[in-house]
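Inspection log for the structure reproduced underneath, given as structure tokens.
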Amino acid sequence: MFNFIAYPLANLLLVLYNLLGQNTVVAITVLTVLINAVLLPLTLRQQKSSRRMQELQPELEKLQKKYAKDKERLAQEQMKLYKENGANPMAGCLPLLIQMPIWFGLYRAIIFCIPSTPLDVFQFSGHIYKWLPGVQGLVPLQSSFLGMDLGMPPGMPQWWSYALPVLVFATSWLQQKLISPPQASTGSGEPSQAGMMSQQMQIMMPLMFMFFTLQWATGLSIYFIVSNAIRIGQYYLVPATRPGAAQTATPAARNTKS
Amino acid sequence: MKESLVRRQTVLLTLLLIIVVSLSGCVGGAPRATSWPGLAFVADKLYVADIANLQVLGAEDANSVWSFPTDTKNDNRGTFQVTPVVTDEYVIAASEMPRTGFFSQPTYVVWAVDRETGRDVWSFSEASGTYVEGGAVSDGTVVIGNSDGYVYALDLESGALQWKFETGHRVWASPLIDSGVVFVGSMDRHLYALSLADGHVIWDFNAGGAFAGTPVLQDGILFIGAFNDTFYALDADTGQVQWSIPGENWFWGGPVVHDDTVYAADVNGNVYALDAASGAIIWQQTLDSQVRATPAISEDGTLLLVGGENGSLYALAAEDGFTVWVDESEGQVLTTPVVDGSVVYEVLTYGTYRVRALRIENGREIWAYPPQTES
């Protein structure tokens, strides 16, 4: 399904592998950096949208209380609030929807280049761009890394291969924690609904990624770890992307007529 | 109200997690094809390794002689996809046993099955990767490569490990054994000549491209293609290149040699007839399908049979590459067809029919297995 993305990515991986001393981990790392660079505008947009929605949360909760018995009016008022503040509740999802096929495409690309099954590599055989310099004879890429097989899921007897899913969980959790907006409170000191949802996501998303990487080729773990490291680095190096950065300029209260 | 909302969110997230875990494959299910079926023919019987079991069929009428295991529902011996090796006493097969728990691993087993009764005599399960191609047997030793990068030598009578040799990548090729020497290719781009006695390296040849096919030896020359789109003739004693010719894509299957002509196909569907002495191209024919399998040749050497990824079996005139007939069927012909006199047998990947017998003169079907019941 995602092969239209996987084939170009797999060929790019071959070129990088050839240019970077035929080191698979380095090639996946550089490919991840390139993909993240391309997706950076989308990532920033997603963070901005998430921040804007978080800022509107207190106002939304006021509306929910005020129009608790009139769902139609509530929906109208919420839309009005979004419109007045230039927010779109779906805007945060769109970049994620674009990134998902790229993740799946990259997964397929890794499977094509470090194949664990013959049918996968046979499928790729007709899609290598032979006009690219140096790609002849590269498949399959070297799959051994610290005694692990990058084309296979973590498993015994290489017990240390389970460190990769754990690292995926740890870096995903840290990344989620850093990019999540500060929790707004409802005024009574209790965390808001959005805050509770955000807290759950901080655990559930890393858990999901850990399950993915327990089942999939360990090469994909490299992608997730490097991706998360980039986002964490971005948090510290680009202050404007931090969730709290725009808290001081919340326009919601100014514009909302409740 | 807030509690119910939180509960609802938790339920939704849990459901999402279950879906993700299910999609990622940790929930069991029917075994799926990761490779192609295995097919061997010996003494009027076909030996078919086709996912669920190892099955023996009468070549004349496709009647089942025995299968291993007999009852696949209650006696799961894993997924069989490796070409069986048939000796006087045993059928050597290999399977992948499914994992039994979330953190457990599949078990990869070589089986020696009694050729008459279909009962297992011994098994070997020390390898940690998938078996892709079958082994070879010589002087009481079974030699077989594994995806864990090792070539294993086992005692034919007991299954005891005699030696193992580590290559730098997966071993997906079936070895060739001749005069006490094992010739085996690895995905590490090397073709190795190993001593059958103890596994020590006699020579190795680095082609710059992976080897997945079985070489053919004739008059001291090994013929084999590689994933660097090149076909080689090597001196069997030294590994020195005698000649090489470029193809358009990988050579996955091995060649077939008849008289002084070498026939090979690259995965783009180019079939080459080469002069064995010089490598000069006698003819070249391009098929409208990808080709994975080693071609087969009729016993009189007049017809070359090439399986296509599109489900076709092509019969080409060995003399000039002219297409004599093409048989089209559902599925893919990724396994090397086998020839017995006037009949050619094919086994299909993803097909409704798994095994078919065709007349070699015109491609007309004799029988197809399993028989389809009319609805």
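A short reminder: the numbers here are calculations on the coordinates, not readings from a lab. All values reported here derive from a predicted model rather than from experimental measurement. In this analysis, Cβ positions are derived from the backbone assuming ideal geometry, glycine residues included, and neighbour counts consider all displayed protein chains.
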The local net charge around B:ILE366, scoring Lys/Arg +1 and Asp/Glu -1 for residues other than B:ILE366 whose Cβ lies under 12 Å from its Cβ, equals -4
Per residue of A:138-145, other chain Cβ atoms within 10 Å number on average 5
With a point put 7 Å past each Cα toward its Cβ, work out how far B:GLN218 is from A:ASP70 in nm, to one decimal. 9.1
What 222 nm value per residue comes from the helices of chain B, counting each DSSP H run with n ≥ 4 as -39,500 (n - 2.57) and dividing by all residues, nearest 500 deg cm²/dmol? -2000 deg cm²/dmol
Amide H within-cut-off set for B:ALA318, under 5 Å, with H built and near neighbours excluded: B:LEU303, B:LEU304
Ranked from fewest to most other Cβ atoms within 10 Å of their own Cβ, B:HIS190, B:HIS258 fall in the order B:HIS258, B:HIS190
Could you quote the convex hull projected area for region A:107-161, Cα atoms only and averaged over all directions, in nm²? 4.3
Going residue by residue through region A:222-228, the Karplus relation 6.51 cos²θ - 1.76 cosθ + 1.60 with θ = phi - 60° gives ³J(HN,Hα) values, rounded to whole Hz and with x marking Gly or Pro, of 4, 4, 5, 5, 5, 4, 5
Neighbours of A:LYS130 by Cβ distance under 13 Å: Lys/Arg at +1, Asp/Glu at -1, summed charge -3
Given R₀ = 22 Å, FRET efficiency for B:SER244-A:ASN23 by Cβ-Cβ distance, to 0.05? 0.20
Work out the mean other chain Cβ neighbour count within 10 Å for the residues of B:172-179 and drop it here as an integer. 1
Nearest-0.05 FRET efficiency for B:ALA280 and B:GLN105 at R0 = 41 Å, using Cβ-Cβ distance, is 0.25
Length gained when the stretch B:THR323-B:ASP340 is fully extended (0.36 nm per residue, less Cα-Cα span): 4.1 nm
Net charge, B:ILE144 excluded, C-beta distance under 12 Å - Lys, Arg +1, Asp, Glu -1: -2
Starting from the Kirkwood radius over alpha-carbon pairs of chain B, derive D by Stokes-Einstein at 37 °C in a medium of 0.692 mPa s and give it in µm² s⁻¹. 151
For B:ILE282, the residues 5 or more places away or on another chain with a placed amide H closer than 5 Å to its own amide H are B:ALA273, B:LEU274, B:ASP275
Quick note on B:GLU96, B:GLU299, B:GLU126, ordering by fewest other C-beta atoms within 10 Å, gives B:GLU299, B:GLU126, B:GLU96
Fewest Cβ neighbours within 10 Å first, please rank B:TYR150, B:TYR353 accordingly. B:TYR353, B:TYR150
Relative intensity, log₁₀ I(q)/I(0), of the protein assembly as shown from a Debye sum that treats every alpha carbon as a point, q = 0.09, 0.11 Å⁻¹: -0.79, -1.05
Under the Karplus curve 6.51 cos²θ - 1.76 cosθ + 1.60, θ = phi - 60°, whole-Hz ³J(HN,Hα) for region A:102-118, x wherever Gly or Pro sits: 5, 4, 5, x, 5, 4, 5, 4, 5, 4, 5, 8, 10, x, 9, 10, x
In Hz, Karplus ³J(HN,Hα) per residue of region B:294-299 (6.51, -1.76, 1.60; θ = phi - 60°; x = Gly, Pro): 5, x, 10, 10, 5, 5
Projected onto their principal axes, the Cα atoms of region B:291-375 stretch, largest extent first, over whole-Å spans of 45, 24, 17
The set of residues whose placed amide H lies less than 5 Å from the amide H of B:THR167, leaving out same-chain residues fewer than 5 positions away, is B:TYR150, B:VAL151
